[in-house]
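Trainee: If you scroll down you'll find the structure; I have some questions about it.
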Amino acid sequence: MKRFTAFLLTLTLLITLVAVPVNAQENTGPTVQVSSATAKAGDSNVAVEIFLKNNPGIAGFSFCVDYDADNLVLVKSEVNISGGYPVAVPINDHQVNIAWAGSGTYNTNEKIATLYFNVPKNAAIGKHDLKISYRDGYDSFYQYSGGTEQDIPATAVNGYVQVEEAVTTSKLTVTAGTVTASMSDTDVTVPITISNNDGLSGFSFC
């Protein structure tokens, strides 16, 4: 009888051990993903989008995007979530802070921010990384639990801007016109023209 009772207790324990992991499923955190873009040296307003995926329902977030300031110039940043309290501000010459806080739970998986870069004409050809980073004590994804903020783990997927060589065009040409004049003519006008002008800030020549 004792052996039979022990067998039943063991069987009950095994069933419990098998059943608990199946029913207990931990809530996974969101993924914040920086997209990638291709640009040519000299391009302006190159858009890089940031997406939120696997969103378990958040109350807000704050994170930074680090970029290569030697080859990318940040000209604009914006949060694309309507409502709430958005923040999109540079915090130094190579980082921009993206943050948002709402009055309720935000459950959507969509684009949450966009960064715009100018690519200098002398930018290095190649891949320039855009990396998610967090400042200790400032940045996190969080939920409200019992009236208090609870940080939740988030997965970061970094992006980049691939800079390609600009298409070469014909060089700027300056041409002095030809006129016919006699020995007694005065105020003879010679036209000077330029062609293949891709945009200049000024000039000086003799």
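Trainee: How about segment 81-101: which of its residues are part of a loop (DSSP other than H, G, I, E, B) and within 24 Å of Gly57 (Cβ to Cβ)? First the steps, then the outcome.
Mentor: Within segment 81-101, the first condition is being part of a loop (DSSP other than H, G, I, E, B), and the residues that meet it are 81-84, 91-94.
Listed by number, the residues that qualify are Ile81, Ser82, Gly83, Gly84.
Trainee: Scan segment 55-68 and give yes if some residue there is surrounded by 16 or more Cβ atoms within 10 Å (Cβ to Cβ), farther than 21 Å from Ala101 by Cβ and either out of contact with any Phe, Trp or Tyr (no Cβ under 8 Å at 6 or more places or on another chain) or not small (Gly, Ala, Ser) (or both), otherwise no.
Mentor: To start, the set of residues in segment 55-68 that are surrounded by 16 or more Cβ atoms within 10 Å (Cβ to Cβ) comprises 55, 58-65, 67-68.
Now drop any that are not farther than 21 Å from Ala101 by Cβ, which leaves 67-68.
Keeping just the survivors that are either out of contact with any Phe, Trp or Tyr (no Cβ under 8 Å at 6 or more places or on another chain) or not small (Gly, Ala, Ser) (or both) gives 67-68.
Within segment 55-68, one or more residues are surrounded by 16 or more Cβ atoms within 10 Å (Cβ to Cβ), farther than 21 Å from Ala101 by Cβ and either out of contact with any Phe, Trp or Tyr (no Cβ under 8 Å at 6 or more places or on another chain) or not small (Gly, Ala, Ser) (or both).
Trainee: Anything in segment 32-50 that is in contact with a Lys or Arg (Cβ under 6 Å, 6 or more places away or on another chain) and either open to solvent by 60 Å² or more (accessible area, probe 1.4 Å) or free of Cβ contacts under 8 Å to residues at least 40 places away in the same chain (or both)? List them, or say none.
Mentor: Scanning segment 32-50 gives a single hit, Glu49.
Trainee: Checking Val20 against (1) hydrophobic (A, V, I, L, M, F, W, C); (2) closer than 20 Å to Val163 by Cβ; (3) modelled with pLDDT under 95, which single condition isn't satisfied?
Mentor: (2)
Trainee: Can you give me the number of residues within segment 69-80 that are under 14 Å from the mean Cα position of the chain (by Cα), surrounded by 15 or more Cβ atoms within 10 Å (Cβ to Cβ) and not in a strand (DSSP E or B)? Walk me through how you get there before you give the answer.
Mentor: First, the residues of segment 69-80 that are under 14 Å from the mean Cα position of the chain (by Cα): 69, 72-80.
In the following step, the residues that additionally are surrounded by 15 or more Cβ atoms within 10 Å (Cβ to Cβ) were identified as 72-74, 77, 79-80.
Within this subset, residues satisfying the condition of being not in a strand (DSSP E or B) are 72, 80.
Counting residues in segment 69-80 that are under 14 Å from the mean Cα position of the chain (by Cα), surrounded by 15 or more Cβ atoms within 10 Å (Cβ to Cβ) and not in a strand (DSSP E or B) gives 2.
Trainee: Using beta carbons and a limit of 8 Å, which pairs, at least six apart or on different chains, have the first residue in segment 166-186 and in a loop (DSSP other than H, G, I, E, B) and the second one at pLDDT 75 or above and basic (Lys, Arg)?
Mentor: Final answer for the pair search is Ala166/Lys40; Ala166/Lys121; Val167/Lys40.
Trainee: Say whether the condition of being over 17 Å from the mean Cα position of the chain (by Cα), open to solvent by 50 Å² or more (accessible area, probe 1.4 Å) and charged (D, E, K, R) is met by at least one residue in segment 143-155.
Mentor: Residues of segment 143-155 over 17 Å from the mean Cα position of the chain (by Cα): 143-153.
Restricting the remaining residues to those that are open to solvent by 50 Å² or more (accessible area, probe 1.4 Å) gives 144-151, 153.
In the following step, the residues that additionally are charged (D, E, K, R) were identified as 149, 151.
Yes.
Trainee: Restricting to segment 102-141, count the residues that are in a strand (DSSP E or B), modelled with pLDDT of 95 or more and open to solvent by less than 30 Å² (accessible area, probe 1.4 Å). Quick ask: steps written out before the conclusion?
Mentor: Within segment 102-141, the first condition is being in a strand (DSSP E or B), and the residues that meet it are 102-106, 111-118, 126-133, 140-141.
This time we only want the ones that are modelled with pLDDT of 95 or more, so: 106, 111-118, 126-133, 140-141.
With open to solvent by less than 30 Å² (accessible area, probe 1.4 Å) added as a condition, the list becomes 106, 112-115, 117, 126, 128, 130, 132-133, 140-141.
Final tally of qualifying residues: 13.
Trainee: While we're on this one: Please enumerate the residues belonging to segment 187-196 that are open to solvent by 80 Å² or more (accessible area, probe 1.4 Å) and in a loop (DSSP other than H, G, I, E, B).
Mentor: Across segment 187-196, the qualifying residues are Asp187, Thr189.
The values are calculated or read from the model by the stated rules, or taken from the named source; none is laboratory data. Please read all numbers here as calculations on a predicted model, not as lab measurements. Neighbour counts run over all protein chains shown; Cβ positions are idealised from the backbone, glycine included. Side chains included, ligands, DNA and RNA excluded: accessible areas come from the protein's heavy atoms. Shrake-Rupley method; radii C 1.70, N 1.55, O 1.52, S 1.80 Å.
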